[in-house]
Amino acid sequence: MEIVKIGKEAMKKNENFADKNNKLLTDNDIFAVDVMGSVGSGKTSIIKQIIKKLKNKQRIGVIAGDLTTEIDARRIEEEGVPVIQIQTGRVCHLDAGLVQKAITKFNLADIDLLFIENVGNLICPAGCPIGAHMELVVTSVTEGPYMIQKHPPMFQRADTVAMNKIDFAEKMEISIENFKEDLSKINPTSKFVGTNGLTGEGVEELIECMNLPQ
Amino acid sequence: MHEFTAVKNIINIILKAARDNNAEKIYSIKIGIGELTMLEKNQIQYWLKLMLDEIDIAKNSKLNLHIIKGVIRCQECNFKGPLESTMELNHLFPVIKCPECESNNIEIIKGDRCLVEEMEVDKYNESISGGDN
Ligand SMILES: Nc1nc2c(ncn2[C@@H]2O[C@H](COP(=O)(O)OP(=O)(O)OP(=O)(O)O)[C@@H](O)[C@H]2O)c(=O)[nH]1
Ligand SMILES: [Mg+2]
Ligand SMILES: [Zn+2]
């Protein structure tokens, strides 16, 4: 019996793909945002609201990740921007390989700003970089008051957190300020904005916090 | 189930190393799982075991999984060392900030990888396998 040294990383391939995606996007002057968050937190609604505010100034594209349907892709198309749908089947998050396939379907010269809606899931996407320049986590008041405390890996990575469905805060007796404090404990440099995906309240502030090209 | 992706990659790495080294039997496999990865050790152990037992040369091999502690370098105060698990928030997951100055402007030096480190094998007798061709 003898020992064979290996020393290889299990997730290296994904990282290589993520780096390639990042370079491809950067080379084409595209700024890409990975939009993550629980099922139904309001990711698609917030992307739509941002598009409404920016589409006259920026050429926007969207990649919509979903298990099986095209519902979100159709909703985004209503805003008149190009959408590529990734159906992940049974996979619980996007990976850089899937994203690469989607990116190459766009005419990259026609896009300045790319939103990549990840699969609704507050856990798995945190372990899997896809090559975006920025990470936006959309979470919502209706998920209860402990979301940020309960999911540190996701919130520690976030550049910006949108606390959505603020219209429910009062009914649910939840304080938005407490979320802000929870976030500052685990990720002091992350930005925090309260939003309403139905009315667009807070979305202008969100765009400013994210420093999106305007 | 992102562990499944990791397990698939681990199996590919093991089988390639076995081929490259003329291994005919794998006795044990040593894998380090960084505490800052999103991978859960017990789940990796479970899936890896199930899959390895389907592969002839790896059947009944022993899995040695260990956790690699997180080590960081602080960009603010230059602290270099292990992360501290804060129990304040009741996390199993360590809080990624500098234990000295609390900054989260840090570079992760160790603990964010899942590493297939080594394995114990029997190799084909080189001269015999060479003679076969
Ligand atoms: N009351 C209220 N409802 C909202 C708000 N934002 C979104 N919704 C509603 O919440 C539901 C889910 O919103 P989506 O935007 O589809 O959420 P999602 O995160 O994209 O969902 P998945 O992609 O399925 O994970 C829809 O019915 C939205 O209209 C909000 O701020 N307030
Ligand atoms: Mg959606
Ligand atoms: Zn420090």
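The values are calculated or read from the model by the stated rules, or taken from the named source; none is laboratory data. These figures come from a predicted structure and were not determined experimentally. FYI the Cβ positions are ideal-geometry reconstructions off the backbone, even for glycines, and counts take in every protein chain you see. Surface accessibility is based on the protein's heavy atoms, side chains included, excluding ligands, DNA and RNA. Shrake-Rupley method; radii C 1.70, N 1.55, O 1.52, S 1.80 Å.
Rounded to the nearest 500, what is the 222 nm mean residue ellipticity of chain A from helices alone, with -39500 (n - 2.57) per DSSP H run of 4+ residues and division by all residues?
Roughly -9500 deg cm²/dmol at 222 nm, from the helical runs in chain A.
Hey, what do the phi angles of the range A:104-110 turn into as Karplus ³J(HN,Hα) couplings, whole Hz, using 6.51/-1.76/1.60 and θ = phi - 60°, x for Gly and Pro?
After applying 6.51 cos²θ - 1.76 cosθ + 1.60, I find 6, 7, 7, 7, 5, 5, 9 Hz.
Give me a single rounded figure for A:8-20: the average over its residues of other chain Cβ atoms within 10 Å of their Cβ.
The per-residue average across the peptide is 5.
Which residue, chosen from B:Leu63, B:Ile11, B:Asn22, occupies the Cα position most advanced towards the positive end of the dipole of the range B:2-122, where the dipole is computed from +1 (Lys, Arg) and -1 (Asp, Glu) charges on Cβ about the Cα centre?
Of B:Leu63, B:Ile11, B:Asn22, it is B:Asn22.
Cross-link candidates for B:Lys16: which aspartates and glutamates have Cα within less than 19 Å, leaving aside residues fewer than 8 places away along the same chain?
Here the aspartates and glutamates satisfying the reach criterion relative to B:Lys16 are A:Glu2, A:Glu9, B:Glu24, B:Asp53, B:Glu54, B:Asp56, B:Glu117, B:Glu118, B:Glu120, B:Asp122, B:Glu126.
Any of A:Lys52/A:Lys185; A:Lys57/A:Lys185; A:Lys150/A:Lys171; A:Lys12/B:Lys25; A:Lys101/A:Lys180; A:Lys20/A:Lys180 with alpha carbons more than 30 Å apart? Name them for me.
A:Lys52/A:Lys185; A:Lys57/A:Lys185; A:Lys101/A:Lys180; A:Lys20/A:Lys180
To the nearest 10 square angstrom, how much accessible area does A:Asp182 have with a 1.4 angstrom probe?
Surface open to solvent at A:Asp182 totals about 20 Å².
So for the range A:2-209, taking the charge dipole from beta-carbon charges (+1 Lys/Arg, -1 Asp/Glu), which of A:Leu113, A:Gly89, A:Met172 sits furthest toward the positive end?
Among A:Leu113, A:Gly89, A:Met172, the one farthest towards the positive end of the dipole of the range A:2-209 is A:Gly89.
Quick one: dipole size for the range B:2-122, taken about the Cα centre, charges +1 on Lys/Arg Cβ and -1 on Asp/Glu Cβ, in debye to the nearest 20.
Here the size comes out at about 200 debye.
Determine the shape class of the protein assembly as shown: with a ≥ b ≥ c the square roots of the Cα gyration tensor eigenvalues, call it rounded for a/c under 1.5, and otherwise prolate if a/b is greater than b/c, oblate otherwise.
Prolate, since a/c reaches 1.5 and a/b exceeds b/c.
Only four residue types carry charge here, +1 at the Cβ of Lys and Arg and -1 at the Cβ of Asp and Glu. Report the dipole size of the range A:36-115 about the Cα centre in Debye, rounded to the nearest 20.
Taking the Cα centre of the range A:36-115 as origin, the dipole is about 200 debye.
Which one of B:Ile108, B:Ile96, B:Gly32 is farthest out on the positive end of the charge dipole of the range B:2-122, using unit charges on Cβ (Lys, Arg +1; Asp, Glu -1) and the Cα centre as origin?
The listed residue farthest towards the positive side: B:Gly32.
Would you rank A:Thr68, A:Thr26 by solvent-accessible area, highest first, keeping every protein chain in place and using a 1.4 Å probe?
Ranked list, largest accessible area first: A:Thr68, A:Thr26.
Which percentage, to the nearest 5, of the DSSP beta bridges contained in the range B:2-122 is antiparallel?
For the range B:2-122, the DSSP antiparallel bridge percentage is about 70.
Shape call for the range A:2-209 from the C-alpha gyration tensor, a ≥ b ≥ c root eigenvalues: rounded (a/c under 1.5), prolate (a/b greater than b/c) or oblate?
Cα axes put the range A:2-209 in the oblate bin.
I'd like the antiparallel share, as a percent to the nearest 5, of DSSP beta bridges with both residues in chain A.
DSSP beta bridges in chain A are roughly 5 percent antiparallel.
Between the alpha-carbon centers of the range B:62-86 and the range B:20-36, tell me the distance in whole angstrom.
23 Å
For the range A:2-209, with only Lys/Arg (+1) and Asp/Glu (-1) charged at the beta-carbon, what is the dipole magnitude about the Cα centre, in debye rounded to 20?
500 debye
For B:Cys77, A:Cys124, write out the residues from largest to smallest accessible area, computed with a 1.4 angstrom probe and no ligands counted.
Of B:Cys77, A:Cys124, the descending order of accessible area is B:Cys77, A:Cys124.
With a ≥ b ≥ c the root eigenvalues of the C-alpha gyration tensor of the range A:134-214, is it rounded (a/c under 1.5), prolate (a/b larger than b/c) or oblate?
oblate
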